[in-house]
Amino acid sequence: MAEPVHADETLKTPLHAEHVALGARMVPFAGYDMPVQYPTGIMTEHNWTREHAGLFDVSHMGQAFLIAEDKSHETVARALEMLIPSDVVSLKPNQQRYSQLLADDGGILDDLMVTRVGAPGHEGWLYLVVNASMKDADYAHIRSRLPKGVTLNPKDGLALIALQGPSAAAVLSEKAPGAADLPFMMSADVQVDGIWCHISRSGYTGEDGYEISTHAGDAAKLWRSFLANPEVKPIGLGARDSLRLEAGLCLYGHDIDTTTSPIEAGLIWSIQKRRREEGGFPGAARIQREIKDGPARVRVGIKPEGRAPAREGAIIATPDGREVGIVTSGGFGPTINGPVAMGYVSSDVSAVGTDLHLVVRGKPIAAKVAAMPFAPHRYKR
Amino acid sequence: MSTRYTKDHEYIRVEGDTAVVGISDYAQAQLGDVVYVELPSVGKALAKGAEAAVVESVKAASEIYAPVSGEVVAVNAELEATPGTVNEDPAGRGWFLKMTIKDAGELDALMSEEQYQEFVKSIS
């Protein structure tokens, strides 16, 4: 039960003082001093998000623009398509897609959100959101691969707030009429209490909701404005992790990394048809082969029997003791009211319902391959 | 009846020939929502400082160490179905195990209630 070390060089988000004032327990995460939970605790925060609306500070994430000098979407989209396997060219203005920055061997350097900026005067702009822990490496990688005429512009002056849960649409619509009509994975520029916000109908909880980008200087006012609604409570990184795990969503550095391909990770849905056929992204030969022949191992959901959580690093074996994989994320799912996990297993034991053993503290516990998400997605389609 | 504490936030409360072991209120608050407790089998011999149990919160697993040497004579089976009892009543219904005390002298090396409260203040 060691207390987290508070290093002086730890970065703070524009909402840091808000978290401290709310009594959050702060922990170092990806170089930032972040709230892992507020006084009510992870379980309450998790359940509140599933039943009402949770407010998350995710300002530690990297927000950047990729800009084509010739103001052409085609130019900037083609440049990014050299680095990621998703179809960027076909994005409509304000449309968002999930994708991955790929290494030359098809391993995943990071996962990210890509949006075609729709605001007037921004033709040829893409908006990227990348993981906090990877942003410096991502920016260096992207810059090293950009053609002439396309530049990367990281925006340190932006905050990012997620509003997630079944009440999110009603809460935001009160302040930004029309927000409830925004389709999943689409974005818009709106005013909330006179504050500019770029909102997208997306998130990392499996619930309906929004990710809201705003100027750092306005973030605290916006944060307080949302919290004034009794349907909204602040949610820390602890519940963010249990929510995304139940939703079957990957956490970079755990469920996906440079040793895993998007196909092994079950992310083929993020590679649109044209890209699967044409290739033209890093690792395309491997990824096309894995699509055709099937990968040797795949990411699966795993439901341990009983109550004991199996955590990251637990060995996965067959009931007769053959080692077939490893748990990459695992813990307790408050909505499931039991342990849940995900990990990579040999493809021959990846069918839903397959009996497996997870080795927890040296002892095998019975488990089954389970369909993901564990908690059904409730996106606004 | 005296309760003694370890620096790892276990308590041990002597009740006649045996002692009740659990975690302090400070420890349960630090852990957050307890979702699983792995208890030793009755009859297991524990050396002072050896792993006696594992308590899991939503976030992480933490080991619970034997405050003194002795043998496990009972475990709190209710924690299997209601692990949250550790949060609600750590000193009472949220106990982990009962054990014999091999060497009462080992208790003297642990903190008194007053010393433990001072210790908690010094680290919070």
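Read the figures in this text as sums done on the coordinates, not as results from a lab. Note that the structure is predicted; figures quoted are calculated from it, not measured. All Cβ positions, even for glycine, are placed from backbone atoms using ideal geometry, and neighbour counts span all protein chains on display.
Backbone geometry of the stretch A:39-53 corresponds, through the Karplus equation with coefficients 6.51, -1.76 and 1.60 at θ = phi - 60°, to 3J(HN,Hα) couplings of x, 6, x, 4, 4, 5, 5, 4, 5, 4, 5, 6, 9, 10, 8 Hz, x marking Gly and Pro. Label zone of B:Ala104 (point 7 Å out along Cα→Cβ, amide N under 20 Å): in the stretch B:5-29 this covers B:5-6, B:12-21. For the protein assembly as shown, adding -39500 (n - 2.57) for each run of n ≥ 4 DSSP H residues and dividing by the number of residues yields -6000 deg cm²/dmol at 222 nm. Taking amide H as placed 1.01 Å from N in the peptide plane, the amide H of B:Ser57 sits under 5 Å from that of B:Val35, B:Ser62, each at least 5 places away or on another chain. Beyond 23 Å in Cα-Cα separation lie the following of the pairs B:Lys44/B:Lys98; A:Lys221/B:Lys121; A:Lys12/A:Lys380; A:Lys303/B:Lys44: A:Lys221/B:Lys121; A:Lys12/A:Lys380; A:Lys303/B:Lys44. Site pair A:Thr258 and A:Glu277 shows an inter-label distance of 3.4 nm when each label is modelled 7 Å from Cα along Cα→Cβ. Remark: the stretch A:130-137, residue by residue, has Karplus-estimated 3J(HN,Hα) of 10, 5, 4, 5, 10, 4, 4, 5 Hz, where x stands for each Gly or Pro and the curve is 6.51 cos²θ - 1.76 cosθ + 1.60 at θ = phi - 60°. Residues whose amide H falls under 5 Å from that of A:Leu11, counting only those 5 or more places apart or on a different chain, are A:Tyr32, A:Asp33, with hydrogens built in the peptide plane. For A:Ile326, the amide hydrogen comes within under 5 Å of the amide hydrogens of A:Ile316, A:Tyr344, counting only partners 5 or more places away or on other chains and with H modelled in the peptide plane.
Remark: the A:Phe29-A:Arg143 segment gains 38.5 nm on full extension, using 0.36 nm per residue and subtracting the alpha carbon distance.
Cβ-Cβ distance of B:Ala29 and A:Ser225, R₀ of 25 Å, FRET efficiency by 1/(1 + (r/R0)^6): the value works out to about 0.25. Modelled spin-label separation between B:Val14 and A:Asp348, with each label point placed 7 Å from Cα along the Cα-to-Cβ direction: 6.1 nm. The mean count of C-beta atoms from other chains within 10 Å of the C-beta of residues in B:74-83, rounded to a whole number, is 1. Once the Cα-Cα distance is subtracted from the 0.36 nm per residue extended length, the A:Glu9 to A:Ala103 segment shows a gain of 30.8 nm. Its relative contact order, with pairs defined as Cα atoms under 8 Å and 6+ residues apart, puts the stretch A:197-238 at 25 percent.
Please report A:Thr13, A:Thr354, A:Thr259, A:Thr49 as a ranked list, fewest other C-beta atoms within 10 angstrom at the top and most at the bottom.
A:Thr259, A:Thr354, A:Thr13, A:Thr49
As a proxy for reagent exposure, A:Val20, A:Val359, A:Val36 were ordered by neighbouring Cβ count within 10 angstrom, fewest first; the result is A:Val20, A:Val359, A:Val36. Rg and Dmax, both from the Cα atoms of the protein assembly as shown and both in Å, are 25.1, 85. Peptide B:52-58 is shielded by partner chain Cβ atoms: per residue, an average of 5 of them sit within 10 Å of its Cβ.
Derived scalar couplings between HN and Hα for the stretch A:115-126 equal 10, 7, 5, x, 5, x, x, 10, 5, x, 10, 10 Hz in order, rounded to whole Hz, by the Karplus curve 6.51 cos²θ - 1.76 cosθ + 1.60 (θ = phi - 60°), x for Gly and Pro. Length available on full extension from A:Arg289 to A:Asn153: 0.36 nm per residue minus the Cα-Cα distance, which gives 45.5 nm. Ranked by how many other Cβ atoms sit within 10 Å of their own Cβ, fewest first, the residues A:Glu45, A:Glu211, A:Glu9, A:Glu18 fall in the order A:Glu9, A:Glu18, A:Glu211, A:Glu45. For A:Asn94, the shell of other residues with beta-carbons less than 9 Å away shows a net charge of +1, using +1 for Lys and Arg and -1 for Asp and Glu. The distance separating the Cα centre of the stretch A:295-374 from that of the stretch A:198-256 comes to 27 Å. Placing pseudo-labels 7 Å out from each Cα toward the beta carbon at B:Lys7 and B:Glu113 gives an inter-label distance of 2.4 nm.
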